[in-house]
Amino acid sequence: MPLPGGLADYMILHEESAVKAPDNMTDVEASTLPIAALTAWYSMIDIGNLKLGQTVLVQGTGGVSIFAIQLAHAYGARVIATSSNDLNLEKVKALGADEGINYKTYPNWEEQVLKLTDGKGADVTIEVAGGNGLNQSIAATKVTGTVAQVGFLTGQTTQLNLMPLIFRQTKLRGIAVAPRVAFERMNDFLNVNQIKPVIDHVYKFEDAIAAFEHLSKGAFGKIVIQIS
Ligand SMILES: NC(=O)c1ccc[n+]([C@@H]2O[C@H](COP(=O)([O-])OP(=O)(O)OC[C@H]3O[C@@H](n4cnc5c(N)ncnc54)[C@H](OP(=O)(O)O)[C@@H]3O)[C@@H](O)[C@H]2O)c1
């Protein structure tokens, strides 16, 4: 988990808290993995039990979702991505998303997901929006499919309609990042598939405040502060 004091030249870590970075990545690239990438991997692979050819639904084009698109595509899954921004939908298609839905144009975006999946829904949905949109995610996920509850961008509470959850037999699972074994398996996968993180901007240590300002405005990909 993020802890105060991470932005430092030197720190003492217990060996159990360190994971070998993928060989194909620079330190800047590897620094983007511990939360967004790992959460996406664990949600889809360990919890969602994703199989070749299955469908993953990701919401928005934030850090978790971009990694989920790259990982799911390399895994051989079909990826449906949503965004409020058509330009970002084009960008995620270049990263491996098969279909894009603008959730502003289609506020009932779950209906579009059902249209794209012959009425069945996605096998695994990575829920980053939270709030009452959870009901839409359940509707957009196939019967007995998995909704991995990762985020709470629109709200930390929800008014959950229980009957669709019950009749669709949805597996709703809370996610709190992932265990280290999952991180090690993910790093092997990233290495074998030569996947590179999407980085929006790298800031120098002395420009750390600008990096946080950029973060608060939003980015496409990760923002890194590089320690010399
Ligand atoms: N549980 C865990 O272990 C864990 C781990 C990592 C992150 N999280 C949480 O997961 C969430 C996502 O994290 P992140 O780092 O990916 O965030 P982020 O990079 O800040 O994501 C921002 C993007 O989310 C999208 N978004 C916002 N509201 C949305 C909505 N109503 N529907 C669909 N997409 C929406 C927007 O995409 P567009 O601009 O394309 O519309 C926005 O650009 C956050 O709540 C974070 O705290 C939890």
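Below, the figures for the structure above:
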{"read-out": "Prolate/oblate/rounded call for region 143-208, Cα gyration tensor, a/c under 1.5 rounded", "value": "oblate"}
{"read-out": "Approximate spin-label separation Val143-Val202, in nm, with each point projected 7 Å along Cα-to-Cβ", "value": "5.1"}
{"read-out": "Asn102 versus Ala8: modelled label distance in nm, points set 7 Å from Cα along the beta carbon direction", "value": "4.7"}
{"read-out": "Tilt relative to the chain, helix 180-192 - C-alpha long axis, 0 to 90 degrees, to 10", "value": "90"}
{"read-out": "Region 4-24 residues near the modelled Ile227 label - backbone nitrogen below 17 Å, point 7 Å along Cα→Cβ", "value": "4-21"}
{"read-out": "Mean ellipticity per residue at 222 nm, deg cm²/dmol - from DSSP H runs of n ≥ 4 across the chain, formula -39500 (n - 2.57)", "value": "-8500 deg cm²/dmol"}
{"read-out": "Gain on full stretching of the segment that runs from Phe189 to Val177 - 0.36 nm per residue minus C-alpha separation", "value": "2.6 nm"}
{"read-out": "Region 148-184-region 25-80 distance, computed between alpha-carbon centres (Å)", "value": "15"}
{"read-out": "In nm, spacing of pseudo-spin labels at Phe167 and Ala74 (7 Å Cα→C-beta vector)", "value": "4.0"}
{"read-out": "Kirkwood Rh (inverse of mean 1/r, distinct Cα pairs), the chain, angstrom", "value": "18.2"}
{"read-out": "0 to 90° range, to nearest 10: angle between helix 208-217 axis and the chain longest Cα axis", "value": "10"}
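FYI, it's all coordinate maths here, none of it is from the lab. Just so it is clear, the structure is predicted and the values come from calculations on it, not from any experiment. Counting neighbours? That spans all protein chains shown, and the Cβs are built from the backbone with ideal geometry, glycine included.
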